[in-house]
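Working notes, beginning with the structure itself.
The values are calculated or read from the model by the stated rules, or taken from the named source; none is laboratory data. This structure is a prediction, so every number in the text was calculated from the model and none was measured. Glycine also receives a Cβ, built like all others from the backbone with ideal geometry; neighbour counts cover every protein chain displayed. The accessibility values were calculated without ligands, DNA or RNA, using every heavy atom of the protein model including side chains. Shrake-Rupley method; radii C 1.70, N 1.55, O 1.52, S 1.80 Å.
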Amino acid sequence: MSDVRVFPDAEALSRAAAHELIDLGRQAVAARGRFAVALAGGSTPRRVYQLLADHEHRDQVEWTRVEFFWGDERAVSPDHPDSNYGMAAAACLAKLGLRPAQVHRIQAERPDREQAARDYQIEIARILGATPDGLPPTLDLILLGMGADGHTASLFPYTEALREERRHVVRNYVPKLQAERITLTFPIINRAREIRVIVTGAEKAPALKDVLDGPHDPERRPSQLLNPVAGRLAWLADRAAASELAREGCR
Ligand code: 6PG
């Protein structure tokens, strides 16, 4: 049975997610002197990131010990309104007093996205002390969202990246968006110590039900491929997104 935590609304979920990121960060820094986290894109996490930078939370983590990565990025410049990096930078990173070297954005605006994906794989390995073509390095936390079609990161239904078994970061063309993305792959996502998926809104209820309670059909519902090798996976959903789940109760 998946670990599914249901919250009354998006604000309660965002607060819980921010607190969990802080707790996991403190634990990682205490245990290993560093917290390597891959941030989610999209709109759901914005409030989580805003909470990290507010006066109540800002001093709860040694942010200078945190290495920030992203789970995926759109093929836009960092200052574009659609940039996942840009959203997180505006919501919190710019307010945490970070050194630029701690922030590892995916350079998906580069025309050669194949090379940009390769370079990002090398960057992750470099920071985490792994060999670029070896086993995927272990991130402490990968924060993910989920789309109404059951995609996560930029691992969309029926796209090539779902079947990647070797590379940790790939370019992925998404026909429904008529756009290329760069995304972490399931091999590296599933090696994370902690995976948290944050899902809000009634429009995601059918997909969340399919992912958690439906038949195994990962091409159609890619989030079904979230399956940590040795880490922990938890789903944080608001009541609206969890409304079709065969589970009781909410936080
Ligand atoms: C992206 C995200 C993507 C996102 C889901 C949910 O780049 O779009 O990484 O996987 O998490 O699409 O997006 P919302 O939070 O906006 O619903």
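The table below gives the values:
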| item | result |
| --- | --- |
| Gaussian network model of the chain, springs between alpha carbon atoms under 10 Å - residue of Thr138, Thr183, Thr64 with greatest fluctuation | Thr64 |
| Packing rank of 39-49, 84-94, where each peptide gets the mean count of other beta carbons within 10 Å, highest leading | 39-49, 84-94 |
| Selection from Gly129, Leu39, Trp70, by position along the positive dipole direction of segment 3-238 (Cβ) | Gly129 |
| Average accessible area per residue (Å²) across the chain - probe 1.4 Å, nucleic acids and ligands excluded | 44 Å² |
| Alpha carbon convex hull of segment 177-251, projected area averaged over orientations, nm² | 6.0 nm² |
| Quotient of Cα Rg and 2.2 N^0.38 Å for the chain, N being how many residues it contains | 0.94 |
| Unit charges on C-beta of K, R, D, E only; dipole of segment 74-225, Debye | 300 debye |
| Carbon and sulfur %, accessible surface of segment 3-238 computed with the full protein complex present, 1.4 Å | 48 percent |
| Antiparallel bridges, percent of DSSP beta bridges restricted to the chain (to nearest 5) | 30 percent |
| Positive minus negative residues near Arg171 (Lys, Arg vs Asp, Glu; Cβ under 13 Å) | -3 |
| Amide H contacts under 5 Å for Arg191, placed H, 5+ residues apart | Val229 |
| Candidate aspartates and glutamates - alpha carbon under 14 Å from Lys209, same-chain residues fewer than 8 apart omitted | Asp3, Asp149, Asp217, Asp238, Glu244, Glu248 |
